[in-house]
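Novice: Sharing a structure below in C-alpha cells format, with a few things to ask.
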C-alpha cells in the first residue's frame with residue numbers, strides 16, 4: 001500500500017512546493033518550471049539579452065544538488081554516459097524551443113492546469129500526441145545505443161558547476177544580469193527556493209518520476225502508476241490554488257500564457273516527442289544529470305543553449321502569441337527531431353550493421 005502511495009505523494013508534494021514558491025514570489029502558475037528556470041539562468045549569465053527573464057534560479061541548482069546527494073547517500077552514484085551526447089544536446093535544444101513556444105515544460109503544464117489555465121489543457125493534447133509519436137518510433141526500434149561507465153569526475157561536473165552558480169548568485173550578484181521587472185524579477189527568497197529545489201531533486205531521484213515517461217508507459221506497458229503522480233499534482237494544485245485565491249478558470253488573463261490553441265498543441269507536442277527520444281522529460285533530465293548521468297548533462301546543456309537561441313532570435317512566445325520567427329524555429333526543430341528519430345530507428349540500424 002505504501003509503495004502505491006509513493007508516486008501520488010510525490011505529485012502532491014510537487015503541487016505544494018509550487019504553491020509555496022508562488023506565495024513567496026515566483027510568477028503565478030510558475031512555481032516550478034524547468035524550461036523557465038534554465039531560460040532565466042541562461043539570461044543571467046548573458047547568453048541572451050531578454051531583460052525580463054534573467055535570474056539564476058536556485059530551484060534548478062537545488063534539483064541538481066538534491067539528486068546528487070541522494071545518489072551518493074543511497075550508494076547509487078555511478079556516472080555513465082557515451083550514448084550519443086551530441087544528438088542529446090540537439091534534442092535538448094528542440095525540447096526547449098517547443099517549451100518556450102508553449103511557455104512552459106510539462107511540469108508547468110500541469111501547474112497551469114491546476115491554476116485553471118485551459119490553454120494548458122489544450123496543450124496536454126499535443127503533449128500526449130507527441131509522446132504517442134515517440135512511442136511509434138520506440139516500437140519500431142528507436143535507440144541512441146547503450147551507455148558506458150565514465151570517470152567519477154565527469155559525474156561531479158554539473159554539481160560543481162551548480163555550486164559555482166550558487167556562490168556567484170549569493171556572493172557576487174553584481175556581475176550577473178538580473179531582471180528588475182517581468183518574470184525574472186518575480187522570485188522566491190534564495191534560501192526557500194534552494195531548499196525546495198533540493199527536496200524535489202532528492203524526491204525526484206528516489207521516485208524516478210517522469211511526466212512523459214508516465215504517459216509513455218501507460219500506452220506501451222499498460223502501467224498507470226506514474227500517471228497517479230500527475231493526477232495528484234493537478235488535484236492538490238487545484239485545491240491549494242482555491243484555498244489561496246490563485247485559481248482562475250478560463251483561457252484569457254492567465255499568467256505568462258497565450259491563447260493560440262494550435263501553437264500550444266504543437267509546442268507541447270514537440271516537447272513530448274523530444275522527451276521520449278531523450279528518455280525523460282526536462283525535470284527527469286535534470287535529476288539524472290545531477291545524479292551522474294553525463295548524457296542527461298548533454299540534454300540539459302542543450303536546453304540551456306536552446307533557451308539562448310530562442311531569445312536571441314525572437315522565437316519565444318509571449319502573452320500576445322507566437323512570433324513569425326517562432327513558427328519558423330518550430331518547423332526547423334520539429335524537422336530535426338523527426339530526422340533524428342528516423343535515422344536512429346531505420347537508417348542508423350543499417351549503418352551499424
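Novice: Mind jotting down the distance between the C-alpha centroids of the range 18-86 and the range 216-256, whole Å?
Specialist: Computed from Cα coordinates, the inter-centre distance equals 21 Å.
Novice: Going by average Cβ neighbours within 10 Å, how do the peptides 13-24, 32-43 rank, with the highest at the top? Walk me through the numbers on the way to the answer.
Specialist: On the way: 13-24: 21.2, 32-43: 28.0.
Averaged packing, sorted descending, gives the order 32-43, 13-24.
Novice: In whole angstrom, how long is each semi-axis of the equivalent ellipsoid of the range 195-299, when you take the square root of 5 times every eigenvalue of its Cα gyration tensor and sort them from largest down?
Specialist: On the way: eigenvalues 129, 71, 49 Å².
Listed largest to smallest, the semi-axes of the range 195-299 are 25, 19, 16 Å.
Novice: Show me 221-231, 191-201, 130-140 ranked by packing, highest mean number of other Cβ atoms within 10 Å first.
Specialist: On the way: 221-231: 15.8, 191-201: 21.7, 130-140: 19.5.
The peptides rank, most packed first, as 191-201, 130-140, 221-231.
Novice: May I pose another question? Would you work out if the range 7-70 is rounded, prolate or oblate? Take a ≥ b ≥ c from the square roots of the eigenvalues of the alpha-carbon gyration tensor; rounded if a/c is under 1.5, else prolate when a/b is larger than b/c, oblate otherwise. Kindly include the intermediate steps, with their values, before the conclusion.
Specialist: Working: a/c = 2.78, a/b = 1.51, b/c = 1.85.
Cα axes put the range 7-70 in the oblate bin.
Novice: While we're looking at this one, here's another question. Just need the relative contact order of the chain here, percent rounded to a whole number, with Cα pairs under 8 Å and 6+ apart.
Specialist: Details: 721 pairs, mean separation 130.2, N = 353.
It comes to 37 percent, rounded to a whole number.
Novice: Report the Stokes-Einstein translational diffusion coefficient (µm² s⁻¹, integer) for the range 221-353, Rh taken as the Kirkwood radius over Cα pairs, at 10 °C with viscosity 1.306 mPa s.
Specialist: Values: Rh = 17.7 Å.
For these conditions, the coefficient is 90 µm²/s.
Novice: I would also like to ask the following. To the nearest 500 deg cm²/dmol, what mean residue ellipticity at 222 nm is calculated for the chain from DSSP H runs of n ≥ 4 alone, each contributing -39,500 (n - 2.57), summed and divided by the residues? List each step's numbers first, then the result.
Specialist: Values: 15 runs with 235 residues, N = 353.
The helix-only estimate for the chain comes to -22000 deg cm²/dmol at 222 nm.
Novice: Let me ask another. Using only Cα atoms, what Kirkwood radius does the range 2-352 have, in angstroms? Show your work: numbers first, answer last.
Specialist: Numbers: mean 1/r = 0.0507 Å⁻¹.
Averaging 1/r across every pair of different Cα atoms and inverting gives 19.7 Å.
Novice: Picking from 250, 123, 81, which is most flexible by a Gaussian network model of the chain using Cα springs under 10 Å?
Specialist: Of 250, 123, 81, the most mobile in the Gaussian network model is 250.
Novice: Taking the Cβ of each residue in 305, 346 as the centre, tally the other Cβ atoms inside 10 Å and list the residues starting with the fewest. Walk me through the numbers on the way to the answer.
Specialist: Details: 305 18, 346 14.
With the sparsest Cβ surroundings first, the list reads 346, 305.
Novice: Follow-up. Rounded, prolate or oblate for the range 1-137? Axes are the square roots of the Cα gyration tensor eigenvalues, ordered a ≥ b ≥ c, and the cut-off for rounded is a/c under 1.5. Can you show the working numbers first?
Specialist: Details: a/c = 1.12, a/b = 1.05, b/c = 1.06.
Because its axes are fairly even, with a/c under 1.5, the range 1-137 counts as rounded.
Novice: Return the tail of the calculated pair distribution for the range 65-173, meaning the percent of Cα-Cα pairs more than 22 Å apart.
Specialist: Percent of Cα pairs beyond 22 Å in the range 65-173: 58.
Bear in mind these aren't lab numbers, they're just calculated from the coordinates by the rules spelled out. All values derive from a computational prediction rather than experimental measurement. Glycine gets a Cβ as well: all are built from the backbone with ideal geometry, and neighbour counts include every protein chain shown.
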